[in-house]
Structure formats: C-alpha cells, structure tokens
Amino acid sequence: MRTSGVSPLKSVQITQARIRLAEERVIGRGDFVPLLVDKSLVYTSAPRQGIYSSSDPVFFLRLVRRLRVPSESRFLDTGSGLGGICFAAATVFRSAVGIEADRRLFNEAELIRSAYEFGNVKFVLGDFLSHPFQEYDVIHIFHPFLEGFERLMAEKMKETKRGAVIIANIFLKHHAGIFPRESFYPFYIDRANQEHRVYLRLPT
C-alpha cells in the first residue's frame, strides 16, 4: 500500500474516507433501491436480489486481532462492495480477495485499490458462488443476497476447509441452517449484535 509505514487502523481510516466519497457518488445518486425493511441496505445488480451495506472495517480489525487469526492467512470477502473489508484485511493478512457482481461497485473498489497501491488485494467481477472457497483461511459474509440465501450458502460452506474461520454478519434466522453444529463451532458471538458471529470449520 502506498501508505505503508502507518498502522493498520490509520490505513483503514484513510481508505474509508475514500469509500465514503464513493458511496455518496455511486449510491447517493439514487441508482440503488433501498430495502423496505432496512433503509441502510440497498439492492444492487448482483444476482439473486443482491444487496449492499457498508461494513465496519474498524470493528473487523479489532475482531481479527481478538481472535488471533494468523497473519499468513488468505482472506475472501463474499460480495465485497466498495472494498472496505478487503482493504482492512490486507493490513493484517497475507492476501485479500473480494468478489463483487455489481460492476459499479467493482469499478469503484478497483479505483481505490489502484490509488492506494494495494499489492495484496485482488477484486474479481463475478458471482462468488462460482468461486472456490477451499483455498481460503478466513471468509467474510455480510448477507450479500436474499433469494435462496440460506440454501445456497449452506451448500457453499461445505467447500470450506478444515480450520477455516468464517466471519458471518447475516440475519439471525439463517445461522443454524448455514452453520450446523456438527460442522461449525461458534467461537465468537457479538453480545451487542447477535447476527454477528464467527465460526470455526470442524473436521467432518
């Protein structure tokens, strides 16, 4: 990153300021329709009623530090939006890959990546359900779509490798179906937000 030498937190703050500007420019002009149940979520052009909402990269950094996830880990963000979580992950992990199906969000994330010269971040334009999960050590899920979500994600989670860490911020009703106890151990549950949990993939 071009701002190398600064702390991970400072790096996140720098990129987050650029992301906020991108949100105002792209989402603020009204091209994205908000969900009726939650105005902080907007529909995107991604398949299966894709949705976008900004994650908190500062909270993400604090969480991975608390969990002591190894720095050599390979990270994947499913539905990476404007790239905020990937940029945060890049400051603490070996590499970060974000997959986004909405071209407008993907293009903005690429502009930010290029501007700050993140050499260990890669964005892929496409459907993350078609992308292999088994090569990643840490996977982030922030409810990227609505249609068939629980069924499709439950199948996809079967691809994750033993010992993988899954950081999931999804609607509470879906956790049990996607992360069955025989395959995933919930080793962190956010007391302030029960929808935010971290799972460890067990050997099955």
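Every number in this text was worked out from the coordinates using simple rules, so none of it is lab data. Note that the structure is predicted; figures quoted are calculated from it, not measured. Quick reminder, even Gly has a Cβ in these numbers, built from the backbone with ideal geometry, and neighbours come from all protein chains shown.
Between Glu150 and Gln194, what length comes free when the chain is fully extended (0.36 nm per residue of separation minus the Cα-Cα distance, one decimal in nm)?
14.1 nm
Scan the chain and hand back the longest stretch that contains none of the trypsin sites (Lys or Arg not before Pro) lying in DSSP loops with at most 15 other Cβ atoms within 10 Å.
95-157
Alpha carbon centre of region 55-73 versus region 77-106: separation in Å?
That distance is 14 Å.
Tell me, which longest segment in the chain has none of the GluC sites (Glu not before Pro) that fall in DSSP loops with at most 10 further Cβ atoms within 10 Å?
Result, exposed sites excluded: 73-146.
Let's test this: bin the Cα-Cα distances of the chain at 10 Å from zero up to the farthest pair and state each bin's percent.
Each 10 Å bin holds this share of Cα pairs: 9, 37, 39, 15, 1.
From zero up to wherever the largest Cα-Cα distance of region 130-204 sits, split into 5 Å bins and tell me the percent of pairs in each.
Taking every Cα pair in region 130-204, the percentages come to 3, 16, 31, 28, 16, 5, 0.
So how strong a dipole does region 110-204 carry about its Cα centre when Lys and Arg Cβ are +1 and Asp and Glu Cβ are -1, to the nearest 20 debye?
Magnitude of the dipole: close to 320 debye.
What is the antiparallel percent of DSSP beta bridges lying wholly in the chain, to the nearest 5?
So the antiparallel bridges in the chain amount to around 40 percent.
Can you give the Kirkwood hydrodynamic radius for region 69-182, in Å, rounded to one decimal and based on Cα pairs?
Kirkwood hydrodynamic radius for region 69-182: 14.4 Å.
Each residue of region 139-154 in order: what ³J(HN,Hα) in whole Hz does its phi give by Karplus 6.51 cos²θ - 1.76 cosθ + 1.60, θ = phi - 60°, with x for Gly and Pro?
With coefficients 6.51, -1.76 and 1.60, one gets 10, 10, 10, 10, 5, x, 7, 10, 6, x, 4, 4, 4, 5, 6, 4 Hz.
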